[in-house]
Amino acid sequence: MLNLVKRKPSHKKLKRQLLIVMLIIFGWSVAIGFILGLATNTSAANPPEIGTVDVVPANYQLGQEIFVENCSTCHLALPPQVFPTQTWKNILEDSQHYGAQITPLKGTERNLVWKYVSIFSRVTLENENIPYRLNRSRYFKALHPDVELPDNVTMGSCISCHPGAENYNFRQLTAESN
């Protein structure tokens with residue numbers, strides 16, 4: 001008599017096929033991971049230099065450029081991170097700038113700079129005095145732990161540790177600072 005009933009594949013054969021498929025997927029994953037690792041590793045070997053304290057998204061870069069351009073005509077442009085937001089607000093509005101008469105920014109330039117400094121500056125704590133000098137800013141002190149700062153922090157004292165400060169690069173440090 002003919003056997004019309006189909007035989008089920010054996011479990012051993014099914015397990016072997018499943019194992020082969022899993023090994024192919026595993027091998028494929030390892031190969032893709034290796035290729036991606038090589039592709040990303042070459043860019044990690046030479047990362048672009050940031051220069052400032054934080055990476056600035058494209059929508060704030062024009063504000064940063066205007067800020068640096070205007071501030072660095074007379075002194076080092078300080079990163080917004082060293083002062084609280086209220087300090088920057090007062091500086092942007094005041095025509096008396098540390099004993100010098102200046103023309104405050106107006107219009108679009110002022111708005112772009114304000115957006116930049118307000119995003120990257122810090123908050124003022126309740127009952128905190130608003131600092132206008134670096135040596136009175138708790139943020140400046142927090143960014144310089146274990147650094148013995150002079151009583152009168154000047155732009156020259158910034159350059160002594162940050163040789164790229166004139167180019168708004170506060171990440172590069174002198175050998176003594178590392």
- Task: Among the residues of the stretch 128-152, write down those that are surrounded by 11 or more Cβ atoms within 10 Å (Cβ to Cβ), free of Cβ contacts under 8 Å to residues at least 12 places away in the same chain and part of a loop (DSSP other than H, G, I, E, B).
- Result: 144
- Total residues in the stretch 60-96, condition assigned to a strand (DSSP E or B) and touching a residue at least 12 places away in the same chain (Cβ under 8 Å): 1
- Task: Please find, among 98, 116, 132, 139, the residue that is of a type in the set (Phe, Trp, Tyr) and in contact with a Gly (Cβ under 6 Å, 6 or more places away or on another chain).
- Result: 116
- Task: For residues that are within 29 Å of residue 144 (Cβ to Cβ) and of a type in the set (Ser, Thr, Tyr), scanning just the stretch 82-95, find the one that is surrounded by the fewest Cβ atoms within 10 Å (Cβ to Cβ).
- Result: 85
- Query: Somewhere in the stretch 85-102, is a residue in contact with a Leu (Cβ under 8 Å, 6 or more places away or on another chain) and modelled with pLDDT under 95?
  - Reply: yes
- Pick from the stretch 128-170 the residues that are more than 20 Å from the chain's Cα centre (by Cα) and aliphatic (A, V, I, L, M): which of them is modelled with the lowest pLDDT? 155
- Query: In the stretch 96-127, which residue that is of a type in the set (Val, Ile, Thr) and surrounded by 10 or more Cβ atoms within 10 Å (Cβ to Cβ) is nearest to the chain's Cα centre (by Cα)?
  - Reply: 119
- Return yes when residue 166 is assigned to a helix (DSSP H, G or I), exposed (fewer than 15 other Cβ atoms within 10 Å of the Cβ) and of a type in the set (D, E, K, R) and no when it is not. yes
- What do you reckon, is residue 48 modelled with pLDDT under 85, closer than 22 Å to residue 170 by Cβ and under 27 Å from the mean Cα position of the chain (by Cα)? yes
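The values are calculated or read from the model by the stated rules, or taken from the named source; none is laboratory data. The structure presented is a predicted model; accordingly, all values stated were derived computationally and were not measured. Here Cβ is always computed from backbone atoms with ideal geometry, including for glycine, and neighbour counts include all displayed protein chains.
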